[in-house]
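Visitor: Please find one structure pasted underneath; my questions will follow.
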Amino acid sequence: MIEIFIDGASAGNPGPSGAGVFIKTQGDVHRFSFPLPHMTNHEAEYHALIKALEVCIDKGFKTVSCKTDSLLVEKAIDTRYVKNKLYAPLLEEAVQLIDQLDLFFIKWIPEKQNKTADVLARQAIVRS
């Protein structure tokens, strides 16, 4: 099983943003920092998940365990529902990607257990 850790960050809320993705496979690790445009922190969290899923699909990973420190994203994926309609297109995109995998789990973890993804997300923020 592939283990991914994701985090989104925003310099301001909203502001320039970034997504961090840390992937652990059997014996390998992959680190990704994705610059994102001006958006809220919650939007950046969704984009981190989407980027991670795109990487997993591109690499042919089929069984994925995802860890996030965003309760909002974890609950939205678990229920496949969002109250705030701003996030509906992001949820829909994530679900379409998840449905391409054989097995997908998502779990909330405390921020202190997500430091690597947090660092990657912050590194991706391009300030103008």
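Visitor: Which residue out of VAL126, VAL95, VAL82 is among the aliphatic types (A, V, I, L, M), free of Cβ contacts under 8 Å to residues at least 24 places away in the same chain, in a loop (DSSP other than H, G, I, E, B) and out of contact with any Cys (no Cβ under 7 Å at 6 or more places or on another chain)?
Guide: VAL82
Visitor: Suppose we keep only residues that are hydrophobic (A, V, I, L, M, F, W, C) and out of contact with any Lys or Arg (no Cβ under 9 Å at 6 or more places or on another chain) within the range 83-97. Which one would you say is nearest to LEU49 (Cα to Cα)?
Guide: Ranking the candidates gives ALA94 first.
Condition check ((1) more than 16 Å from the chain's Cα centre (by Cα); (2) farther than 16 Å from LYS115 by Cβ; (3) of a type in the set (A, V, I, L, M, F, W, C)) across all residues:
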| site | (1), (2), (3) |
| --- | --- |
| MET1 | yes, yes, yes |
| ALA9 | no, no, yes |
| PRO16 | yes, yes, no |
| PHE22 | no, no, yes |
| GLY27 | yes, yes, no |
| HIS30 | no, yes, no |
| PRO35 | no, yes, no |
| THR40 | no, yes, no |
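Listed here are the residues, each with its yes/no results for (1) over 13 Å from ILE125 (Cβ atoms); (2) acidic (Asp, Glu); (3) at pLDDT below 95; (4) in a strand (DSSP E or B).
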site	(1), (2), (3), (4)
GLY18	no, no, no, yes
GLY27	yes, no, yes, no
TYR46	yes, no, no, no
ALA52	yes, no, no, no
VAL55	yes, no, no, no
VAL64	yes, no, no, yes
LYS67	yes, no, no, yes
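Visitor: While we're on this one: Here are the criteria: (1) closer than 16 Å to ILE2 by Cα; (2) surrounded by 16 or more Cβ atoms within 10 Å (Cβ to Cβ). Tell me which single one GLU45 does not satisfy.
Guide: Tallying (1) closer than 16 Å to ILE2 by Cα; (2) surrounded by 16 or more Cβ atoms within 10 Å (Cβ to Cβ), GLU45 fails exactly one: (1).
Visitor: Still on this model: Could you say which residue among TYR81, TYR87 is over 16 Å from ILE4 (Cα atoms), surrounded by 17 or more Cβ atoms within 10 Å (Cβ to Cβ) and among the aromatic types (Phe, Trp, Tyr)?
Guide: Going through TYR81, TYR87 in turn, just one is over 16 Å from ILE4 (Cα atoms), surrounded by 17 or more Cβ atoms within 10 Å (Cβ to Cβ) and among the aromatic types (Phe, Trp, Tyr): TYR87.
The values are calculated or read from the model by the stated rules, or taken from the named source; none is laboratory data. In this text, all values refer to a predicted model and were calculated from it rather than measured experimentally. A quick note on method: Cβ atoms are made from the backbone with ideal geometry, for glycine too, and the neighbour counts reach across all protein chains shown.
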